Amino acid sequence: MTKRTGVFVCHCGNNIAATVDVVRVAEELGREEGVVYSKDYVYMCSDPGQSTMAKAIKENKLDGVVVSCCSPTLHEKTFRDVTEEGGGLNSFRCEIANIREQCAWVHSDKPKATEKALKITKAAVKRVQHNQSLTPIGVPVTRKVLVIGGGIAGIQASLDLANAGFEVILVEKNPTVGGHMIQLSETFPTLDCSQCILSPKMVEISKHKNIKLLTQAEVKEISGFVGNFKAKIHQKAVYVDPETCKICDDCAKVCPTVVSNEYDVGLTSRRAIFIPFAQAIPATYTLDESACLGLNPVVCGKCAEVCEAGAINYDMRPKVITEEIGAIIVATGFDLYGKENLGEYGMGRYADVLDGLQFERLCSASGPTGGHVLRPSDHKEPKNVVFIQCAGSRDPETHCAYCSKICCMYTAKHATLYKHHVPDGQAYVFYIDIRSGGKGYEEFVQRSMERDEVMYLRGRVSKVYEKSGKMIVLGVDTISGKNVEIEADMVVLALAMQPSQGTADAAKTLKIGRDKDGFLAEAHPKLRPVESVTGGIFLAGAAQAPKDIPETVCQASAAASKVIQLLSKDELMHSPTVAKVRLSHCTGCEMCVQACPYGAIDLGAPSNKARVNDVLCEGCGTCQAVCLRAAIDVKNVAQVQIHDMINACLGV
Amino acid sequence: MAKVEQTAKDETGFEPKIVAFLCKWCSSAGSDLAGVSRLQYPSNAVPITIMCSGSMSPMFVLSAFNKGADGVLVSGCHPGDCHYLKGNFYARRKIYLVQKLLQFIGLENDRFRMSWVSAAEGAKFAQVMHDFVTDIKKIGPQTRLKAKRP
Amino acid sequence: MIDVAQLKAHAKGLLEKGTVRTVFGYRKSTAGLLAEPAGITEAAQADDLIFDPSCVQNLALYLVNDKKHQAEKRSDDKRPVAVVAKGCDSRAITVLLQENHFSRESVHVIGVSCEGTGVVDARKLARKLGNKKALAVAFDGADAFAVTTNEGTQSIAAAEVMAERCLECRSAHPTLSDVVFGEAKAERGLHTPFQAVKAKIKESEEDRWAYWSRQFDRCLRCYACRSVCPMCYCDECVVDSISFVIAPDTTAEEKANRIKWIERSPAKSESAMYHMVRAIHLAGRCIDCAECERVCPVNIPLRLLNTRLEMEAFETFQYNPGSDPELPTLTSSFRDTDPNSFIR
């Protein structure tokens, strides 16, 4: 118990003084046990107020300070800083009594409000008299970053961090980095080729001395805390040594197994041993063990036979890699909404009903048709193409409630690209609204309408069916109010974006929250959009919400800069108001260990009693409420303090 | 708003003493919002801000009644919204047990209450306060567990 | 029916081989009907062991006390101790294991099944016998006790003189044991559990308070209930400032942080607080051995008070104390589906 408490009662102009008799509060507090100084002042937070406080602390050798004023969320820091910097007293010796928001502003009867203000202030005095001086806990940080996901978000964040001098572990579950962006043909609104802008970055990833790329790998376990995480990463066996592989394609030529090619979204096929595409990073063939006949020279073994470089090794085994890192960026991206959910549009049933990514491949020079838009069914040039927007988006009853944001733009791009490939063709777009906010976006859409004569029909499509080789699209044009029937050669659906499976998995492994739609939850929707709720874990790209490339790159760089901010110091500061065990009273019953939301308590040697990890502890006090023997307390919110405060509140 | 205060007044002139344990992140912030919004409610409850409803020891409740509280309120974040992930779930189970015990020994049912008030629910906080004071005024002073002090 | 000869032989074997330090069991008391707990250390003493309906005490307490004594003596004998445990006693041992009070290796549990009956309630028996004085009580078939008085032996239906807790017992067979004597009888079908609590809940608030007010007023604060409870193993009781330990290394800060939650005087308000804190601290830990109620010199119905929350544990949270040493405790766990409607 301290003996020299000072009380400072703020008028807050008339905000408090109009309803609370602040002079009486100050006078009465001056008579409290252990209070040696008590004063009211018109604005405690003003410069003169602060100097009065600092001076009083020094002159009266105060060992505890209560400021009776507004909510601690406003000025606790101000007054704690004054206490420490001005008064030379440890900042944790200062407590706030909230007599404005919790008293003066909510009552109008002055005597009653004054009574309450007295109790609140007396309770704070009781509390502060048990406060200890505390110093924030410094925690050394590991200056290494884990980036999960090798799409454009992960690539951008990794490069930013690596260029700033931080070591990066980039984990990608597919055989190559590039994500969905590398599948695109051209990008809106400038129509620059996706490969041309992304491949150099991919190459940079593979060459950068600060980046360790782990493909076909997944993060399986994360332990630790901000600044000091430990990751367990499982990497599949690839069966081809990337260092010796010459990318000659001899192996794929002899491979007898043919499976659907993911890169071309099923429009072409590949072998069990393959390279996803020519510019894949890492530049190596890889063996898909799920498709291979058996990784056994007796069963097949043809690829190993023909490989002159001797790069193929069936004895490779999966690896478990453990890495220590200081921060994590989650950039696990999106998947397209399941086509099986959109039976009414015939997706998956008709070869000529495609999704947006498949259409990208058809337009791409490196795609299955060498850059000619041809129907998958008969390889003829489609003369009428219908694009359907909001396929699965903005449909709270049956599909996703949210807007997938990028579809308006990429549909306009698709229609434009189609016209460039088939100048005599006609493109139709069914839409609900056109959302084209963004630099150069609206102009792009207008251009597709005016120059490329794309026909925009405002309305929904009810059904798509096949009739003698044509796709019949039934819809409604709500502007003319007429039903529309189009005999199309091809239909392209702008499917909704949904969080990828990898995003769901990462949320689980990292124990970070997701929103109602399954996208990763940010710490604050406006002010902390790239941080997760867990310290040291950041978000980038479409894993957090649907977004286009510029926005993704922007968020990736923002996440990287947040990480740089975090890891630029040698030590992180952690609040010292953590739980403390009274070893003499602890029996090691483990109730606190079980209840701690942060896993911050364990039983420690030599006597198997509770032990708090100060860095993991957030000071919530759940442990103190489950302990039967009062053997654990949170510093400066100890049970004895609550006990004394209860007495003060009841006037005992 | 003045009307709220008016209706809470009672002819007997009995002014209940109430201790309100508010979690720092939701309910205390909610009461701040009630303040910023100038919502008026009776002044009987004195708030004690605790870090989390999960840190609410049953001892605090029993002690408050022993020291003469006419009512005790515990208020925390809504389930799933706990700043400390799950502290309020532990609180819910513990408070439920304390409430059952107090009912069993015959303390008046309405004297011990728990509520969920988020940081955005200033109006709800004022309403909770108003309802609690009104209900306790109906029951009268708490004598059953109150210690007789010299 | 339990063959006591086998029990004796087992205890004798353990002590002869020296695999255990002590065997805690029951022997015939020299004062009165009820058996007395015995800690035997010599093989020859094993012949004194008995097991009959007079063996009411919860011997888990003796494991707790033994741990304290061993620590006080600074003994380096690390051999386990054996204990005779009825169904309820074994649940107490399980709770103590759950709370890491001792390790599974340090205790050898000699389980004894109460089978179709349980133990006797001496007060009920005295009422039943009227002027006659019971000298001994034995099991008599599946559902009766053979009671010997100065006027000879008579058979009394067990249900008439059985302890209340045995009538409501949910598992008369030990849940944890190294060896077990007697057969498991799962379905006893005597009374529905928590019958007394449920009857009390039906009374009006006024009546309940009148009842408990009278009980708390009578409490002497002798702390017999605490002393006999195996779960009250704390060195220091949070609501008893007399028990506060002041050691040479207790700092001034520690002394200043001791909380005097209640006054020492046995005033009604303070005794009410004491018993309620005990009930809360027993929530999910009380295994209903009812020893607190049996030893209370003023007959406060402590079993009724303490099983109130056990009923909630069991019925609301599906938590059965003493069923599994690996489970988290009742209050250090939760489910999303816990009751929520009581919250405003």
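Read the figures in this text as sums done on the coordinates, not as results from a lab. In this text, all values refer to a predicted model and were calculated from it rather than measured experimentally. So basically every Cβ, Gly included, is an ideal-geometry build from the backbone, and we count neighbours across all protein chains shown.
Positive contributions from Lys and Arg (+1) and negative ones from Asp and Glu (-1), summed over other residues with Cβ under 12 Å from the Cβ of C:Asp66, come out at +3. Taking other C-beta atoms within 10 angstrom as a stand-in for reagent exposure, A:Asp249, B:Asp32, C:Asp52 fall in the order A:Asp249, C:Asp52, B:Asp32, fewest first.
Around C:Phe139, under 9 Å between beta carbons, what's the net of Lys plus Arg minus Asp minus Glu among the other residues? Result for the local shell: -3.
Roughly what percent of Cα-Cα pairs across the stretch A:233-289 reach past 18 Å? It would help to have the intermediate numbers written out before the result.
On the way: 501 of 1596 pairs.
For the stretch A:233-289, the fraction of Cα-Cα distances above 18 Å is 31 percent.
Go through B:70-80, A:318-328 and give me the packing order, highest mean Cβ count within 10 Å leading. Walk me through the numbers on the way to the answer.
On the way: B:70-80: 23.9, A:318-328: 17.5.
Taking the mean over residues of other Cβ atoms within 10 Å, the ranking is B:70-80, A:318-328.
Peptide B:136-148: average number of partner chain Cβ atoms within 10 Å per residue? The partial results should precede the final answer.
On the way: counts 0, 0, 0, 0, 0, 0, 0, 1, 7, 9, 2, 10, 5.
If you average over the peptide's residues, the count of other-chain Cβ atoms is 3.
Peptides A:149-159, B:41-51 ranked from most to least packed, by the mean per-residue count of other Cβ atoms within 10 Å: A:149-159, B:41-51. Here chain A is treated with +1 on each Lys and Arg Cβ and -1 on each Asp and Glu Cβ, and its dipole about the Cα centre works out to around 1720 debye. Where only DSSP H runs of four or more residues are counted, chain A gives -8000 deg cm²/dmol as its mean residue ellipticity at 222 nm, each run worth -39500 (n - 2.57). Quick one: in the stretch A:109-261, what % of C-alpha pairs are over 19 Å apart? I get 71 percent for the Cα pairs in the stretch A:109-261 exceeding 19 Å. Over the Cα atoms of the stretch A:5-135, the radius of gyration divided by the Kirkwood radius equals 0.94; this is the Rg/Rh ratio.
Rounded, prolate or oblate, given the Cα gyration tensor of the stretch A:337-498, with a/c below 1.5 counting as rounded? In terms of gyration-tensor shape, rounded.
For the residue pairs A:Lys339/A:Lys413; A:Lys3/A:Lys580; B:Lys146/C:Lys67; A:Lys526/A:Lys547; A:Lys209/A:Lys246, alpha carbon separations beyond 27 Å are given by B:Lys146/C:Lys67. Net charge dipole, the stretch A:578-634: roughly 200 debye, given to the nearest 20, about the Cα centre with Cβ charges of +1 for Lys and Arg and -1 for Asp and Glu.
The mean count of C-beta atoms from other chains within 10 Å of the C-beta of residues in A:583-594, rounded to a whole number, is 5. For chain A, the Kirkwood estimate of the hydrodynamic radius, built from every pair of different alpha carbons, is 29.4 Å. Each DSSP beta bridge with both residues in chain A is either parallel or antiparallel, and the antiparallel ones are about 50%. DSSP assigns beta bridges within the protein assembly as shown; of those with both partners inside it, close to 50 percent run antiparallel. Amide H to amide H, with H built 1.01 Å from N, C:His173 comes under 5 Å of C:Lys185, counting only residues 5 or more places away or on other chains. Across the stretch B:16-139, C-alpha contacts under 8 Å between residues 6 or more apart give a mean separation that, scaled by the residue count, equals a relative contact order of 39 percent.
How many percent of all Cα-Cα pairs in the protein assembly as shown sit more than 51 Å apart? Walk me through the numbers on the way to the answer.
Values: 289089 of 656085 pairs.
Roughly 44 percent, once rounded to a whole number.
Helix A:47-59 and the long axis of chain A differ in direction by around 50°, with both axes built from C-alpha atoms.
With semi-axes defined as the square roots of five times the eigenvalues of the C-alpha gyration tensor, the equivalent ellipsoid of chain B measures 23, 21, 11 Å, largest first. Based on every Cα atom in the stretch A:507-652, Rg and the maximum pairwise Cα distance Dmax equal 20.2, 64 Å.
Would you mind pulling out the separation of the Cα centroids of the stretch C:32-54 and the stretch A:144-184, in Å? Using only Cα atoms to place each centre, the spacing works out to 74 Å.
Can you give the angle from 0 to 90° between the axis of helix A:501-510 and the longest principal axis of chain A, with both taken from C-alpha atoms, to the nearest 10? In chain A, helix A:501-510 runs at an angle near 20 degrees to the longest axis. Couplings 3J(HN,Hα) for the stretch A:484-493, derived from phi with the Karplus relation 6.51 cos²θ - 1.76 cosθ + 1.60 (θ = phi - 60°), are 10, 10, 10, 8, 9, 8, 7, 10, 10, 9 Hz, where x marks Gly and Pro. In summary, the convex hull built on the alpha carbon positions of the stretch A:30-72 has an orientation-averaged projected area of 3.3 nm². For A:Ile233, the residues 5 or more places off, or on other chains, whose built amide H falls under 5 Å of its own are A:Lys220, A:Ile321, A:Thr322, A:Glu323.
Please sort A:619-629, A:71-81 by packing, taking for each peptide the average over its residues of neighbouring beta carbons within 10 angstrom, highest first. All intermediate terms of the calculation are to be shown ahead of the outcome.
Numbers: A:619-629: 26.9, A:71-81: 18.4.
Result, highest mean Cβ count within 10 Å first: A:619-629, A:71-81.
Each pair of Cα atoms in the stretch A:578-634 enters the Kirkwood radius, and Stokes-Einstein at 4 °C and 1.567 mPa s then converts it into a translational diffusion coefficient of 121 µm²/s.
A straight line joining the Cα centroids of the stretch A:228-246 and the stretch A:46-107 runs 56 Å. Summing +1 for each Lys or Arg and -1 for each Asp or Glu, what net charge is found among the other residues whose Cβ lies under 15 Å from the Cβ of A:Asp47? Once all neighbours under 15 Å are counted, the net charge is -1. If I fit a long axis through the Cα atoms of helix A:194-207 and take the longest principal axis of the Cα atoms of chain A, what angle between them do I get, 0 to 90°, rounded to 10? That helix lies at roughly 60 degrees to the long axis.
What number, rounded to the nearest 500 deg cm²/dmol, is the helix-based mean residue ellipticity at 222 nm of chain B, given -39500 (n - 2.57) per DSSP H run of at least four residues and division by all its residues? Walk me through the intermediate numbers first.
Numbers: 5 runs with 63 residues, N = 150.
So the calculated ellipticity at 222 nm is -13000 deg cm²/dmol.
Close amide-amide hydrogen proximity is noted between A:Val9 and A:Lys39, A:Asp40, A:Tyr41, A:Ser68, each under 5 Å apart and 5 or more residues distant or on a separate chain (H modeled in the peptide plane; Pro and chain starts excluded).
At a threshold of 8 angstrom on Cα-Cα distance, excluding pairs fewer than six apart, so keeping six or more, what relative contact order does the stretch A:503-639 reach in percent?
Values: 194 pairs, mean separation 22.8, N = 137.
Once normalised by length, the contact order is 17 percent.
Taking the alpha-carbon centroid of each part, what is the distance from the stretch C:243-308 to the stretch A:428-497 in angstrom? With the stretch C:243-308 and the stretch A:428-497 each reduced to a Cα centre, they are spaced 76 Å. Among the residues of C:230-239, the average count of other protein chain beta-carbon atoms within 10 Å of the residue beta-carbon is 4. Each helix, a run of at least 4 DSSP H residues, gives -39500 (n - 2.57); summed and divided by the residues of chain C, these come to -10000 deg cm²/dmol at 222 nm.
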